[in-house]
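The values are calculated or read from the model by the stated rules, or taken from the named source; none is laboratory data. This one's a predicted model, so the numbers in the text were calculated from it and none came from an experiment. Backbone-built Cβ (ideal geometry, glycine too); neighbour counts: all protein chains shown.
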C-alpha cells in the first residue's frame, strides 16, 4: 500500500465515522509563541482543546506536516542513523473536542489498524500510562487485547504534551513487533527496548489537563482526544522495508539523488547515511521554505540553516562539489504535489532560496578548507588541530566544527 493510499484510507475511514476532514496547517504555528514549529497534528486545534475555539464540528481528521528539529522535540542529530527518525514527517490524526473519549478512540484505532490496514493482531502490543486502569480495561475487555500484550509505563513514555505548557494528558501507544531480525539481541529485549524491533506507530493522547508555566495541571473543560499516527512508520510496516527510507515516501527522492551523484544507492553501504540525510533534509527544507521560513542566524531560520548545511555536508560525502540541494527540492515537490498541491506554485521560489543559501555556504566551505589546509600544514606528526583554530574557523567563517575534526 503506497503512502498516498494510506492517507486516503485514513481520511475516508474517519470521515465515515463522523469526522470533518481539515487541511494541514502551516509548519509555522499561528499565534503560538511557545512552539518553534508545528510538531504534531493537534497544534492547530490547541484552542479547541482549551475550550477557547468553538468550531462547527466536534470531530476532525487530518494529515499534518510536522517538523521536529528544534525546541522540546528535536530529532535532528538522529536523522540518517536510525530507521525511524526524521526532521520532517506527516502525522495522521483524528481528534475529538469534548465529543468521544477513551472507549471510542481505542475502538477506532483498533478497527482501522486490524480491519482496514489488516495488521495481524498477534504482532501488536499496546502501552498505557501506569495509573490509567480505565484505558487498560478498555483495551482488554472491549478489544480483546490479551493482558500480556498491555504494558504500563511512566510519564516519560505515556504522558504527552505539545510543549512545556498547554493541553496534555495520559497516552496509549500501539507497537508493531517487527521480529527478531530487528532486535538488539539482548536477553532483556522486550517492549520498551529502544531498538528497532518494537516500532511505535500510533499514539492516542487523552487530553485531560492544561499544564501551566509552574507545572500545575488543571482539568480541561471537556476531555478530548488527540491521535498521532506516523505515516512513514505505517508505510514502513505495510511495505515491509528495513527503514522508512525504503518506503515510497523516500525511494524516488533517493533514486533521483543517486542519478545526480552517478553513484548507486545501497541501503547497507556506508554512504547510505548521507543519502538518507539528504533525502530527509530536502523534504524539511522544501516544506519550511514553502511555509515562509527563511535561512537566518536566529529562531526558525537558524534551524532551517542548520538543516540545509547538514544536508550540504552529507552531499559532499556523496561527491557533490557544487550546489545540488535546490535540485533535490524539485524531487520532493514531484513526490508530494498530489497531497500538497501548493508546492507546485511555490517551487520556483523555494529553489531560488535554497540555491542562494547553498552558494553562500559553499563559499564558506571553500574559505574554511583553505585556511584548514594552511593550519594543517603547520602541524607536527600528531595532526591534532588546536582548539582555538577550530573555534576561529567556526566563529569567524562559520566553518562546521565536525569538518575540522582530524
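For (1) closer than 21 Å to residue 84 by Cα; (2) out of contact with any helix residue (DSSP H, G or I) (no Cβ under 9 Å at 6 or more places or on another chain); (3) surrounded by fewer than 24 Cβ atoms within 10 Å (Cβ to Cβ); (4) in the same structural domain as residue 348 (by TED's automatic domain parsing), each residue gets a yes or a no:
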residue: 265; (1), (2), (3), (4): yes, no, yes, yes
residue: 281; (1), (2), (3), (4): yes, no, no, yes
residue: 305; (1), (2), (3), (4): no, no, yes, yes
residue: 310; (1), (2), (3), (4): yes, no, yes, yes
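Looking at the stretch 270-345, the helices (runs of 4 or more DSSP H) lying wholly inside it that each contain 3 or more residues that are modelled with pLDDT of 95 or more and more than 18 Å from the chain's Cα centre (by Cα) sit at 325-336. Are any residues in the stretch 215-232 surrounded by fewer than 20 Cβ atoms within 10 Å (Cβ to Cβ) and either modelled with pLDDT of 90 or more or part of a strand (DSSP E or B) (or both), and if so, which ones? Scanning the stretch 215-232 gives 216, 217, 218, 219, 220, 221, 222, 223.
Please tell me if residue 255 is part of a helix (DSSP H, G or I) and either modelled with pLDDT of 95 or more or surrounded by 15 or more Cβ atoms within 10 Å (Cβ to Cβ) (or both).
Values: part of a helix (DSSP H, G or I): yes; either modelled with pLDDT of 95 or more or surrounded by 15 or more Cβ atoms within 10 Å (Cβ to Cβ) (or both): yes.
Yes.
Comparison of 258, 264 shows that the only residue that is over 17 Å from the mean Cα position of the chain (by Cα) and without any contact (Cβ under 8 Å) to a residue 12 or more places away in the chain is 264.
Only one residue in 201, 153 is in contact (Cβ under 8 Å) with a residue 12 or more places away in the chain and buried (at least 20 other Cβ atoms within 10 Å of the Cβ). Which one?
Numbers: 153 fails: buried (at least 20 other Cβ atoms within 10 Å of the Cβ).
That would be 201, the only listed residue that is in contact (Cβ under 8 Å) with a residue 12 or more places away in the chain and buried (at least 20 other Cβ atoms within 10 Å of the Cβ).
One residue is enough: does the stretch 32-50 have a residue meeting the conditions in the same structural domain as residue 93 (by TED's automatic domain parsing), at positive phi and surrounded by fewer than 23 Cβ atoms within 10 Å (Cβ to Cβ)? No, there is no match, as no residue in the stretch 32-50 is in the same structural domain as residue 93 (by TED's automatic domain parsing), at positive phi and surrounded by fewer than 23 Cβ atoms within 10 Å (Cβ to Cβ).
Whether any residue in the stretch 164-174 is within 30 Å of residue 46 (Cα to Cα), surrounded by fewer than 20 Cβ atoms within 10 Å (Cβ to Cβ), at pLDDT below 95 and touching a strand residue (DSSP E or B) at 6+ places or on another chain (Cβ under 6 Å) is what I want to check. Don't jump to the end; show me each part of the working.
First, the residues of the stretch 164-174 that are within 30 Å of residue 46 (Cα to Cα): 164-174.
Cutting the leftovers down to surrounded by fewer than 20 Cβ atoms within 10 Å (Cβ to Cβ) gives us 164-165.
Then keep just the ones that are at pLDDT below 95; that gives 164-165.
Filter once more, so that each one left must be touching a strand residue (DSSP E or B) at 6+ places or on another chain (Cβ under 6 Å): 165.
Among the residues of the stretch 164-174, at least one is within 30 Å of residue 46 (Cα to Cα), surrounded by fewer than 20 Cβ atoms within 10 Å (Cβ to Cβ), at pLDDT below 95 and touching a strand residue (DSSP E or B) at 6+ places or on another chain (Cβ under 6 Å), which makes the answer yes.
Residue 184: in contact (Cβ under 8 Å) with a residue 12 or more places away in the chain, part of a loop (DSSP other than H, G, I, E, B) and assigned by TED's automatic domain parsing to the domain that holds residue 53, yes or no? Give the derivation first.
Working: in contact (Cβ under 8 Å) with a residue 12 or more places away in the chain: yes; part of a loop (DSSP other than H, G, I, E, B): yes; assigned by TED's automatic domain parsing to the domain that holds residue 53: yes.
Yes.
The residues of the stretch 43-66 that are within 25 Å of the chain's Cα centre (by Cα), under 10 Å from residue 95 (Cα atoms) and modelled with pLDDT of 90 or more, listed by number, are 45, 59, 60, 61, 62.
If you take just the helices (runs of 4 or more DSSP H) that sit entirely in the stretch 54-161, which of them hold at least 2 residues that are touching a helix residue (DSSP H, G or I) at 6+ places or on another chain (Cβ under 7 Å)? The qualifying helices (runs of 4 or more DSSP H) are 102-111, 133-137.
From the list 79, 22, which one is surrounded by 15 or more Cβ atoms within 10 Å (Cβ to Cβ), assigned by TED's automatic domain parsing to the domain that holds residue 201 and in contact with a strand residue (DSSP E or B) (Cβ under 7 Å, 6 or more places away or on another chain)?
Result: 22 is the single residue among 79, 22 that is surrounded by 15 or more Cβ atoms within 10 Å (Cβ to Cβ), assigned by TED's automatic domain parsing to the domain that holds residue 201 and in contact with a strand residue (DSSP E or B) (Cβ under 7 Å, 6 or more places away or on another chain).
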